[in-house]
Every structure is written in C-alpha cells, then in structure tokens.
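Asker: Okay, here's the structure, questions in a sec.
Since every read-out is calculated from the coordinates, none of them should be taken as a lab result. Fair warning: this is a prediction, and the values are worked out from it, not measured in the lab. Cβ coordinates were reconstructed from backbone atoms using ideal geometry, including for glycine residues, and neighbour counts include every protein chain displayed.
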Amino acid sequence: MSSINTNTAAMAAIRSLSVIAKDMATTQARVESGFRINKANDDPAVFAIAQNMRADLRGMTAVKDSLAFGRAALSTARDAATKISDELAKLKQTITQGQQQGLSATQMNAQIAAALDNIDAYANTADFNGVNLLTGGGALTIVRDITGNTTSVSAVDLRSGAGGLNLTGLNVNSGGFKLTFDNTLAIADGDGVTVTVGSTDFIFEFNDAGSTGLNAAAASGKVVRQIDIDTSTESNQQILGKLITAMQAEGINASFNNDGEIIIANASNVQLGTDGTAAATGMTASNITGATGAIAQVEGAIDTVGDALAMLGAKLQQIEGLQDFNQKLMDSVKEGLGALVDADLAEESARLSSLQTKQQLATQSLAIANQQSQALLSLFR
C-alpha cells in the first residue's frame, strides 16, 4: 500500500541512521580517549574492576616514592658511615705511629683530635631531608607495599662521643680494659661486673637457676642487667659468652681475644663486685695501657661501624629488591588494566570506516524513501 501519511521506508532509514550515529559516537569516543570502557555504563563489572586496579596503581606509586626516599636516606647514611670507617683506619695508623720514638705525642694527639672532629662532622651531616641515621635515636619507616606494611631502620650513633663510638679523650696512651681468668674461675649467683661507659654504669649480675631477685638495684646513672646462668650444666666459657652478649646488647664493645681474655674497648672503667654484687672467684679486671689500649679502643669503634655498615647495606639490598618488585608489579597491573579497558585502535579505525560507509548508504536510502511520495503525484495527472 502506498501512503503519503506513513512512509515505512523512510522510517526504516531513519532508524538505521540513528543506530549508525550512536555506533559512530561510541567508536569516535574510543578513538579519542583510547579506552574501550570509559564509563560505568560501558561495562559495569569490568569498569568496577578497572577502578580498583587504578586505585592499586596509585597506592603503588606512593610506595614507589616511599622506597625511593628510603633508599636515598640509607645511601646517605652508608656513604657517611664508609667515610667514618676510613677515618678510623687512619686513626689506628696514627696511634700506632705515635708509639715510635722521636715523634711528638702532642702532634699525634692533635691529629687524633682532628680525626675525631671529622668523624663527628661526617655523622652530623649525614642528613637527607631531615632524616639522619647516624646520630642515634629514632628510626626511618619505609612503606613497602600497598597494604601499609612498613620496614623500619633504627638509627645508630656513630659520633665519637659517649653513647656512640666512645672515643672521647682518645690519645696515643689511652687505655682499654680486660677481664682475665685463672684456673680457679668459678662464677656464682650474685657475682657482678660493672662497666662504665660515659656517665652510665652498666651492672651485669649473674643469676643462677633457681635463685630469686638481684642484689644490684637500678638508679640514676646505673643500669642493671640480669644474666641467667645454670652453673650445673653450663661451662665457664658459655657463661662468659652470655656476659659478652649482654654487654654487646648495650653497645659495649666486648669480645674474646686469642688468649681467652675479654677485651672491653670502649669503657672508661671496669670493676668487679660493686653495688651489692660479688667479685667472681678467679676473675680479674685490669687496665690496658699504651698503644695496646688505644688501638683496642679504635678497633672497638671499627667493629661498631662495621656492624652499622653491614646493617645499612642489608637494608639497602632489601629496599632495592622491593623497588624492583614494586616496579614489576606496577607494570603487570598496567598491562592487565590495559587488556581490560584499552581500545584496539586498528579495530576501531576499521569500524569507523565501515560506519561511515553505512551512514552514506542510509542517507541515500532515506533520500530515495522521501522521493516515493512525489511519485504518487503522477498517478493523479
């Protein structure tokens, strides 16, 4: 049936043009943005997943920044600690030279004082954006993943003074201390060793299994540490090992030498049987004088710096590994996100060409449909 009121062909052409226009708008938006899914109504489930992945990427970016800051702070501390280690090596050489006849002790001591000043300068200037890991106190906290887990690096004191390397007043004739033992050695409950570092007395009291309480009491300038022992099962060597471990935990440089003596390099005094404790049978505390004592102090400082360097190096390795992992994780998430939402521009280009052709054909179809009503006029002539 032919009608001038209802042009079915024209309506079909208009519907086709409308669908084509909508598809072209979608394709052009994908080409312009580069995204196949750019809005929640494009694909609700995939868009929600993509938004979560974008949030993770932002978190990983924050982790990347935190790791970069931590690495820079650790690198600064490592470089300064290395310079301090080098200065201590020169200091040991200076003290050894100071024992030679004909050299001025005053000049040698001036060199030692200058070296200590350099050590303090290196430690005090090892600062990165307000973080200094070589002056003691505090810690560096580094965010290592997007769940908020952190890695903490405790600061160490590598300055020359008390609480750090304990080299204050060092000179060519400085002395250290040692604990010596004879064949009557018998360590019992209540025996104690007091080590003075700076203005603090560290009292190490042996506490045998089954006994209760300590004789020494903590007070201002006095720190009491209990060393649990069992004289029925432990040898003297094992007990003395516990003593060294307890001292090292307090920053005291203590170790066995080749003669089986305990050398305490960074103490200003060592006493037996103080503050209510007793002196152990067969144990003697004595001063190490001359070059031996001074070198022992420097070697103790060298060991302390060595431990700090090992710690800083290990933390740097850890942070570098976390940086590499975080970067690879970011790349993987970006790749996955791209697979979900990125548009295939080659495909979209082909689709756009196809839609343009369809649009032209639909336009021509509409034009033909509109001419049908004109053809009806010829029937009435």
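Asker: So how far apart, in nm, are the two label points at LYS39 and GLN360 if each is 7 Å from Cα heading toward Cβ?
Answerer: About 2.9 nm, to one decimal.
Asker: Can I ask one more? Please build a GNM for the chain, connecting alpha carbons under 10 Å apart, and tell me which residue among THR357, THR125, THR304 fluctuates the most.
Answerer: THR357
Asker: Grab the other residues whose beta carbon is less than 13 angstrom from that of TYR122, score K and R as +1, D and E as -1, and report the net. Don't skip to the answer; put the middle values down first.
Answerer: Details: positive: ARG78, LYS83, LYS90, ARG159; negative: ASP79, ASP86, GLU87, ASP117, ASP120, ASP127, ASP157.
Neighbour charge sum, excluding TYR122 itself: -3.
Asker: Among (i) 1.44; (ii) 1.18; (iii) 1.04, only one was calculated for this model; which label is it, if the read-out is Rg/Rh (Cα atoms, Kirkwood Rh)?
Answerer: Among (i) 1.44; (ii) 1.18; (iii) 1.04, the one calculated here is (i).
Asker: May I ask you to compute the full-extension gain from LEU340 to ASP307, defined as 0.36 nm times their residue separation minus their alpha-carbon distance, rounded to one decimal in nm? Walk me through the numbers on the way to the answer.
Answerer: Values: separation 33, 0.36 × 33 = 11.88 nm, distance 4.94 nm.
That pair, LEU340 and ASP307, stretches by 6.9 nm at full extension.
Asker: Could you tally up the Lys pairs in the chain with alpha carbons closer than 17 Å? Skip any pair fewer than 8 positions apart unless they're on separate chains. Mind showing how you got there, number by number?
Answerer: Numbers: LYS22/LYS39; LYS22/LYS358; LYS64/LYS315; LYS64/LYS328; LYS64/LYS334; LYS83/LYS92; LYS178/LYS242.
Lysine pairs, 8 or more places apart or on different chains, close enough: 7.
Asker: Mind giving me the FRET efficiency for ASP324 and SER232? R0 is 45 Å, r the Cβ-Cβ distance, nearest 0.05 is fine.
Answerer: Numbers: r = 53 Å, r/R0 = 1.17.
After rounding to 0.05, the efficiency reads 0.30.
Asker: Just to confirm my numbers, what's the Cα centroid distance between segment 186-203 and segment 58-117 in Å?
Answerer: About 31 Å separates the Cα centre of segment 186-203 from the one of segment 58-117.
Asker: Taking amide hydrogens as modeled 1.01 Å from N in the peptide plane, which residues meet the under 5 Å criterion relative to LYS222, leaving out close sequence neighbours?
Answerer: Residues meeting the amide H criterion: ASP201.
Asker: Skipping prolines and chain starts, which residues have an amide H placed within reach, meaning under 5 Å, of the one on SER160, given they are 5 or more residues away or on another chain?
Answerer: Amide H neighbours of SER160: ASP120, LEU165.
Asker: Follow-up question, since we're still on this one. Restricting to segment 176-288, compute how many DSSP beta bridges are antiparallel as a %, nearest 5. Walk me through the numbers before you get to the answer.
Answerer: Numbers: 24 of 33 bridges.
The antiparallel fraction comes to roughly 75 percent.
Asker: Helices from the chain with mean Kyte-Doolittle at least -0.5 and a Cα length along the axis of 24 Å or more, per DSSP H: which?
Answerer: Working: long enough: 8-33 (38 Å, 0.37); 44-97 (79 Å, -0.03); 105-124 (28 Å, 0.04); 290-341 (76 Å, 0.29); 345-375 (45 Å, -0.47).
Once both thresholds are applied, what remains is 8-33, 44-97, 105-124, 290-341, 345-375.
Asker: So if I take the centroid of the Cα atoms in segment 269-337 and the same for segment 227-256, what is the distance between those two points in Å?
Answerer: Comparing the Cα centres of segment 269-337 and segment 227-256, I get a distance of 18 Å.
Asker: Search the structure for amide H atoms under 5 Å from the amide H of THR281, placed 1.01 Å from N in the peptide plane, and list their residues when 5 or more places away or on another chain.
Answerer: For THR281, whose amide H was placed from the backbone, the distant partners under 5 Å are ALA186, ALA188.
Asker: Per the helix-only calculation at 222 nm, which mean residue ellipticity applies to the chain, given -39500 (n - 2.57) for every DSSP H run of n ≥ 4 and division by its residues, nearest 500 deg cm²/dmol? Each step should come with its number before you reach the end.
Answerer: Numbers: 6 runs with 197 residues, N = 381.
Value at 222 nm, helices only: -19000 deg cm²/dmol.
Asker: Among ALA249, ALA62, ALA278, which one shows the biggest mean-square fluctuation in a GNM of the chain, springs joining Cα atoms closer than 10 Å?
Answerer: With Cα springs under 10 Å in the chain, the top fluctuation among ALA249, ALA62, ALA278 is at ALA249.
Asker: For the chain, what is the charge dipole size about the Cα centre, in debye to the nearest 20, if Lys and Arg each add +1 at the Cβ and Asp and Glu each add -1 at the Cβ?
Answerer: For the chain, the charge dipole is close to 2500 debye.
Asker: On to the next question. Under 10 Å, Cα contacts only: if you run a Gaussian network model on the chain, which one of LEU185, LEU57, LEU243 comes out with the highest mean-square fluctuation?
Answerer: With Cα springs under 10 Å in the chain, the top fluctuation among LEU185, LEU57, LEU243 is at LEU185.
Asker: Tell me the label-point distance for the pair VAL223, ASN269, using the 7 Å Cα-to-Cβ offset, in nm and rounded to one decimal.
Answerer: 1.8 nm
Asker: Continuing with the same structure: Which percentage, to the nearest 5, of the DSSP beta bridges contained in the chain is antiparallel?
Answerer: On the way: 33 of 42 bridges.
Once the DSSP bridges in the chain are tallied, antiparallel ones form about 80 percent.
Asker: Determine, for each peptide in 211-222, 292-303, 189-200, the mean count of other beta carbons within 10 angstrom over its residues, then list the peptides with the highest first. Provide the component values of the computation, followed by the final result.
Answerer: Working: 211-222: 12.3, 292-303: 22.2, 189-200: 20.0.
The peptides rank, most packed first, as 292-303, 189-200, 211-222.
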